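Read through the structure below, which is laid out as structure tokens, and then see the notes.
The values are calculated or read from the model by the stated rules, or taken from the named source; none is laboratory data. Because the structure is predicted, anything quoted here is derived from the model rather than measured. For neighbour counting, all protein chains shown are included, and Cβ atoms are generated from backbone atoms with ideal geometry for every residue, glycine included. The accessibility values were calculated without ligands, DNA or RNA, using every heavy atom of the protein model including side chains. Shrake-Rupley method; radii C 1.70, N 1.55, O 1.52, S 1.80 Å.
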Amino acid sequence: ADGLALASDPGGTLNLLAMVENLQGDSGRGYYLEMLIGTPPQALNILVDTGSSNFAVAGVPDPDVTSYFNTELSSTYKSQGIDVTVKYSQGSWTGVLGTDVITIPKGIYGSYTINIATILESENFFLPGVKWHGILGLAYNALAKPSSSVETFFDSLVRQAKIPNIFSLQMCGAGLPVSGSGTNGGSLVLGGIEPSLYKGDIWYTPIKEEWYYQVEILKLEVGGQNLELDCREYNADKAIVDSGTTLLRLPQKVFSAVVQAIARTSLIQEFSSGFWTGSQLACWDKTERPWSLFPKLSIYLRDENSSRSFRISILPQLYIQPILGIGETLQCYRFGISSSTNALVIGATVMEGFYVIFDRAQRRVGFAVSPCAEVDGSPVSEIEGPFTTADVASNCVSSVSFHEPVLWIASYALMSLCGIILLILIILLLIPPRCQHRYTDNDVVNDESSLVRHRWK
């Protein structure tokens, strides 16, 4: 009744323990799930993405993928003949919609018929060295392409397998190289919450709108100091939880404030601006641990009880990320936070600290401390609360939400208006003039009007 499945018969559809550690990957290249597609089954690794809604796999050979789904080899594949294009904040692809059966070796029991887009062309989507061959969009059908009528992967599972409308995600990459071997573990639990994947309490924040997993952020603190920004700055134009984004992305004004606060609070006096913008790495001797030089970062989320909030905090081990070793002496790090033009995105940089519950049944996102979010045996994430919301606005999210369906309506309205104006102009040009003024020497005609008269001759 409450949308949760905490335990089940191992012989049934749901065996949550069987889904533990069914992911591999890292925060730099994404976390992926093994899936069997078609008849006979073809094994592919699929990127888990809570920031999009299409299920798509490579459908032709590509220099950057090691495997692809060959539809001609599957007796159960059915093409719908519908072209589809999906654009992301980085990269895009074009393909064709179809259906086929899938099974998840470390997932729910059984085979299910799912909408699948086979990717025929792509740009900056498959990147060198990635070990996944497709993408599993787990957001709402409002984002599905070419229209919201395309049933999403998870909606299909809920309907066919009759599992609760909830899934949860743990990504275990804290303190590990972000572009390493791709062997960091993780868990995607379909249909429930697995108690062994978190400790302490689960804190829930409401989903503000069902397209992305949009939440409401009330304030940010760096080293315990409030940034003192208007809370609407944090939600401009939306704040979302997205496993397919590698970094914590902040609106430009928030990003600048965070960088200034970290630079002011850190124990490093001089620091290259290229490190903050992502164009340079910072390197220390391998015997050093630079994390002690940086402050803790806290994000306050509105609680289900709107008069309360809670905060999720990440230690520097999550946002100062090891990426490259140079020789035997140096270890280099990147800044796991970047600026954004259109959203605050809680990506893998933050999510690696928590077990995140996407409770679609009760329209809320939950956070709990993840046992795998430890570096050198010490936790690198925290959750604390409740706190009062008396010091922030009652609503930090803009009441006008210009997401894609609204933009399409506005576009069509503007095109219609332009068409009407153009039609009126054409009619006016075709109607013969009833009254023609003949200019005399006494008429004063400036250069501009003269040019117009001569041009029409």
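Could you list, in sequence order, the residues of the stretch 346-370 that are more than 18 Å from Tyr319 (Cα to Cα) and open to solvent by 10 Å² or more (accessible area, probe 1.4 Å)? Residues satisfying the conditions are Arg360, Ala361, Gln362, Arg363, Arg364.
Residues in the stretch 295-313 that are of a type outside the set (S, T, N, Q) and open to solvent by 20 Å² or more (accessible area, probe 1.4 Å): Lys296, Glu304, Arg308, Arg311.
When the strands (runs of 3 or more DSSP E) confined to the stretch 43-107 are screened for residues that are open to solvent by 10 Å² or more (accessible area, probe 1.4 Å) and among the charged types (D, E, K, R), those reaching at least 2 such residues are found at 78-87. Considering Arg249, Arg264, the condition of being over 30 Å from Leu47 (Cβ atoms) and charged (D, E, K, R) is satisfied by Arg264 alone.
When each of Ser187, Ser196, Ser243 is tested for being more than 30 Å from Ala142 (Cα to Cα) and among the polar types (S, T, N, Q), the lone residue that passes is Ser196. Considering the conditions (1) in the same structural domain as Asp62 (by the TED database); (2) open to solvent by 10 Å² or more (accessible area, probe 1.4 Å), Lys199 is excluded by exactly one of them, (1). All of (1) over 30 Å from Ile166 (Cβ atoms); (2) touching a Leu at 6+ places or on another chain (Cβ under 8 Å) hold for Ile46 with one exception: (1). Scanning the stretch 374-390 for residues that are open to solvent by 60 Å² or more (accessible area, probe 1.4 Å), part of a loop (DSSP other than H, G, I, E, B) and either without any contact (Cβ under 8 Å) to a residue 24 or more places away in the chain or among the hydrophobic types (A, V, I, L, M, F, W, C) (or both) turns up Gly377, Ala390.
For residues in the stretch 320-345 being within 19 Å of the chain's Cα centre (by Cα) and part of a strand (DSSP E or B), which is surrounded by the most Cβ atoms within 10 Å (Cβ to Cβ)? Once the filter is applied, the top-ranked residue is Val345.
For first residues located in the stretch 81-94 and in the same structural domain as Ala144 (by the TED database) and touching a residue at least 24 places away in the same chain (Cβ under 8 Å), partners that are exposed (fewer than 13 other Cβ atoms within 10 Å of the Cβ) and acidic (Asp, Glu) and lie 6+ apart or on another chain with Cβ distances below 6 Å form the pairs Ser92/Glu123.
Applying the criterion of at least 2 residues that are in contact with a Gly (Cβ under 7 Å, 6 or more places away or on another chain) to the strands (runs of 3 or more DSSP E) found wholly in the stretch 201-319 leaves 248-251, 308-314.
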